[in-house]
Amino acid sequence: MLLNRIWIGFFLVAIVTGLAKLLFWQDVNIFKVMVEGLFNSAKLGFELSIYMTGALCMCLGFMNVGEKGGAIRILSKAISPLFTRVFPEVPKDHPAVGAIMMNFSANMLGLDNAATPMGLKAMKELQDLNPQKDTASNAQIMFLALNTAGMTIIPISVLSILSIKNSANPTEIFLPVLITTFCSALSALILVAIKQRIKLFTPVVIAYLGSAIAFLSGLLVCLYYFPQYTQNIANIGGNVIILGIFLMFIVLAILKRVNVYEEFVEGAKEGFQVAISIIPFLVTMLVGIGIFNSSGAMQALMDGMTWFFLQLGILHTEFVDALPVGIMKPFSGGSARALMVQTIEQYGVNDFRSKIAATMQGGTETTFYVLAVYFGSVNIKNTRYAAGVGLIVDVIGVIIAILVSYLFYQVPAIK
């Protein structure tokens, strides 16, 4: 299993790096730092799980209300023509369709706290259809591939950080992030469709994708000519939509004479159980990342990449200083965010390298976090090719983020 090899690789590379620092650079504190990194990562994993418990209880409570009130069924019917082709193994009226759609909607609006509980709900529903409970199904792999592509319309968290750091134009990253995430999501869809032999060139799929492209194009044009409204859309639009959906769930449940309070509590109980089941998987992944980072292996990797690109004749290697964000993002969103802030602190918020880092942060997704948490929540051990597809999509996302950054941001040396 690829995740198993990667996790072992973190430790082996970290140990070798630590030994090299001790023997050749006489860094007598390196193993102390690495052990501290292990325990700090374990603590972080547990704290994240506890923090997530409240959001899981709330969102799964609303999802249960929506399911009992019939709202999920209505939403499922609206998207079922597309989903029956992209997820051929999932019945068109199955609860998983509504949960998947809610997860994708929250991701596109940059609402991470809402997206994860809905994604876990979707995985549970897909697991009910899975004939081999310890092995990822085709539908689960498609869902995870699209999820790890991280399609984002409004990168709220990145915009907030840039604003706090007094960026001259925080919304400047909007278009590059949107282009990056759209290309990543489209790549994920195509890769998995080829692997699973799903036909995408059908009138229904083309109609839905064409509508999405038209909507995004219209949004881009609007924000290009009226950039002053971008922040308002980020702060108001996405959250209003989510609140509107939750309100719809409650109203429809009332009309069907559902006991909203009791159904919310039942959903919240499920959220608590899911949160508990996540802890071992999340801690495991973060421990591997923690020892790799604290050993200095990440910094050595960056130095090696700079040398590599210079040998290829690429003289403009400014993007290498932002690459830690792109490399860390598949493993930990919080760590990548910290690296982005570190880049901003080092070079300044308006520096080209900081803008690339912000684009990578907003345009890529926490692949291994998602794989560990989502598959872990339903006790899947064999993830098949999900991690491989996720890694390929991550590489595509990072490359596109770099290219669009050079295209959109003013760099005199490149011009």
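Please work out which residue is modelled with the highest pLDDT, limiting yourself to the stretch 79-108 and to residues that are among the small types (Gly, Ala, Ser) and surrounded by fewer than 24 Cβ atoms within 10 Å (Cβ to Cβ). Before the answer, list the steps.
Pass one, the stretch 79-108, residues among the small types (Gly, Ala, Ser): 80, 96, 98-99, 105-106.
Now narrow it down to the ones that are surrounded by fewer than 24 Cβ atoms within 10 Å (Cβ to Cβ): 80, 105-106.
On the way: Ser80: 73, Ser105: 69, Ala106: 66.
Top of the filtered list is Ser80.
If Arg337 satisfies all but one of (1) touching a residue at least 60 places away in the same chain (Cβ under 8 Å); (2) closer than 30 Å to Val283 by Cβ; (3) more than 21 Å from the chain's Cα centre (by Cα), what's the number of the condition it fails?
So the condition that Arg337 fails would be (3).
Can you name the residue in the stretch 343-365 that is among the polar types (S, T, N, Q) and in a loop (DSSP other than H, G, I, E, B) and, of all such residues, is surrounded by the most Cβ atoms within 10 Å (Cβ to Cβ)? So that I can check it myself, show each step before the final result.
Residues of the stretch 343-365 that are among the polar types (S, T, N, Q), as a first pass: 343, 346, 350, 354, 359, 361, 364.
Checking the rest, the ones that are also in a loop (DSSP other than H, G, I, E, B) come to 350, 364.
Numbers: Asn350: 16, Thr364: 32.
Restricting to residues being among the polar types (S, T, N, Q) and in a loop (DSSP other than H, G, I, E, B), the top hit is Thr364.
Which one of these does Phe24 not meet: (1) over 20 Å from Gly267 (Cβ atoms); (2) surrounded by fewer than 21 Cβ atoms within 10 Å (Cβ to Cβ); (3) at pLDDT 80 or above; (4) in contact with a Leu (Cβ under 6 Å, 6 or more places away or on another chain)?
Failing condition for Phe24: (4).
What is the one condition in (1) in a helix (DSSP H, G or I); (2) within 25 Å of the chain's Cα centre (by Cα); (3) surrounded by fewer than 17 Cβ atoms within 10 Å (Cβ to Cβ); (4) in contact (Cβ under 8 Å) with a residue 24 or more places away in the chain that Tyr51 does not satisfy?
It is condition (4) that Tyr51 fails.
Is the stretch 305-320 home to any residue that is closer than 23 Å to Phe39 by Cβ and touching a residue at least 60 places away in the same chain (Cβ under 8 Å)?
First, the residues of the stretch 305-320 that are closer than 23 Å to Phe39 by Cβ: none.
Checked against the condition, which is being closer than 23 Å to Phe39 by Cβ and touching a residue at least 60 places away in the same chain (Cβ under 8 Å), the stretch 305-320 yields no hits at all.
Please determine whether any residue of the stretch 196-210 is hydroxyl-bearing (Ser, Thr, Tyr), in contact (Cβ under 8 Å) with a residue 40 or more places away in the chain and surrounded by 19 or more Cβ atoms within 10 Å (Cβ to Cβ). Working first, answer last.
Within the stretch 196-210, the subset hydroxyl-bearing (Ser, Thr, Tyr) is 202, 208.
After this cut, where a residue has to be in contact (Cβ under 8 Å) with a residue 40 or more places away in the chain as well, the list is 202, 208.
Imposing the further condition that a residue be surrounded by 19 or more Cβ atoms within 10 Å (Cβ to Cβ) reduces the set to none.
No: zero hits.
Taking the criterion of being surrounded by 21 or more Cβ atoms within 10 Å (Cβ to Cβ), in contact with a helix residue (DSSP H, G or I) (Cβ under 8 Å, 6 or more places away or on another chain), more than 27 Å from Lys269 (Cα to Cα) and in contact (Cβ under 8 Å) with a residue 12 or more places away in the chain, would at least one residue in the stretch 36-44 satisfy it? Step through it out loud before you land on a result.
So in the stretch 36-44, the residues surrounded by 21 or more Cβ atoms within 10 Å (Cβ to Cβ) come out as 41.
Now narrow it down to the ones that are in contact with a helix residue (DSSP H, G or I) (Cβ under 8 Å, 6 or more places away or on another chain): 41.
Among the residues that remain, those that are also more than 27 Å from Lys269 (Cα to Cα) are: 41.
Then keep just the ones that are in contact (Cβ under 8 Å) with a residue 12 or more places away in the chain; that gives 41.
Yes, the stretch 36-44 contains a residue that is surrounded by 21 or more Cβ atoms within 10 Å (Cβ to Cβ), in contact with a helix residue (DSSP H, G or I) (Cβ under 8 Å, 6 or more places away or on another chain), more than 27 Å from Lys269 (Cα to Cα) and in contact (Cβ under 8 Å) with a residue 12 or more places away in the chain.
The values are calculated or read from the model by the stated rules, or taken from the named source; none is laboratory data. The structure displayed is predicted, hence computed values, not measured ones. Quick reminder, even Gly has a Cβ in these numbers, built from the backbone with ideal geometry, and neighbours come from all protein chains shown.
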